[in-house]
Amino acid sequence: MRIAVVGSGSWGTALAMILGRNGHSVLLLGKDPDEISMLRLARENATYLPGFAIPDSVEYGLVQESGGDCELAVLVTPSAAVVDVMRQEHLQPATWVVASKGLLPGTGAILTDFVTESRPQAKVAALSGPNLAVELARGIPTVAVAAAHDEALAEEVAHLFNSNKFRVYLSDDLTGVELSGALKNVYAITAGISDGLGFGDNTKGALIARALYEMTKVGVALGGRMETFFGIAGLGDLFATGVSKLSRNYRAGYGVGQGRALRTVMDEIGQVVEGVPTTEIGVRRVRQAGVQAPIMEGTHAVLAGAMSPRDGVGLLMDKLPKREGLGALIQQIAEGK
């Protein structure tokens, strides 16, 4: 199968490497002609994933010109670029796999919903999980989830990516898997803020536990299923992104927690920090849904400069509910809180 990977950042490059190692014919697409020329010349992504040779089965092209002959496209751009990709009329593969982890700017729509609306004749799936790009490139074992409404499609996607280093599980909760990948970025920023303030592992352990609670409540209110958020795409990705210094979202939060300006931190990271726009979009959506999400609200206030990181954590401790456990979560979901 000839596969287009749309997005030549670290995550897209890592997925192209996995597919190439599995013997597929891969076309890695970017928007910058200079970047694509360098990829062809060096056969490594010196900007976003340096030091890793890209398999010979991977070719390179511009998203605005190439990929029209591909049967399947893996969408790995920042969420802000998804609309532009869908405007490329020459990209009409039979199947789209959304691996971007965010929400559509403006509307806050789930990306697979937007892709389905843009390409009504195509099959649409999602791929998500605890998948830090550098570790994928190194071949360190990990897992992911392929989600689709049609189990046969999820199996097809899993088969493309499966190897002895990358195990892909199946889910029919497309919405829940996508929301897990988007929302966990918000809470990874919060975890980074906690560490940047100099708080300990006790604080972060409690924070991640409560973040999972809140992420599940928000995700169910937006259409996902509870069990998805306690699985690989939810808890697994939340843990990996919320504790790893390889995570852009964690690093952004860490810098803000140290008292540095968000824009300065993001410029140093040099790549899109997806959790920043997702926090703003997420707050708007949870308010519309009438759901209480104090961690997300506090993180948004800190990122917007409306509150200091230390005051944000203090306010969060005051707002956290007293009841704990799965029963309390189920009751809150049932009550729409």
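None of the figures in this text is laboratory data; all of them are computed from the coordinates on show. Keep in mind it's a predicted model, so treat the numbers as computed, not measured. No Cβ is skipped: glycine too gets one built from the backbone with ideal geometry, and neighbour counts run over all protein chains shown.
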- Please report how many Lys pairs in the chain have alpha carbons closer than 16 angstrom, counting only residues at least 8 apart along the chain or sitting on separate chains. 10
- Filtering trypsin sites (Lys or Arg not before Pro) in segment 60-164 by DSSP loop and by at most 16 other Cβ atoms within 10 Å leaves ARG87
- Query: Once Lys and Arg get +1 and Asp and Glu get -1 on their Cβ, which of SER118, THR77, ALA133 lies farthest toward the positive end of the dipole of segment 68-143?
  - Reply: ALA133
- Message: Give the separation of the Cα centroids, segment 72-151 to segment 182-261, in Å.
- Response: 21
- Task: Quick one: give the max-minus-min coordinate of the C-alpha atoms of segment 1-103 along each principal axis, largest first, in Å.
- Result: 32, 27, 24
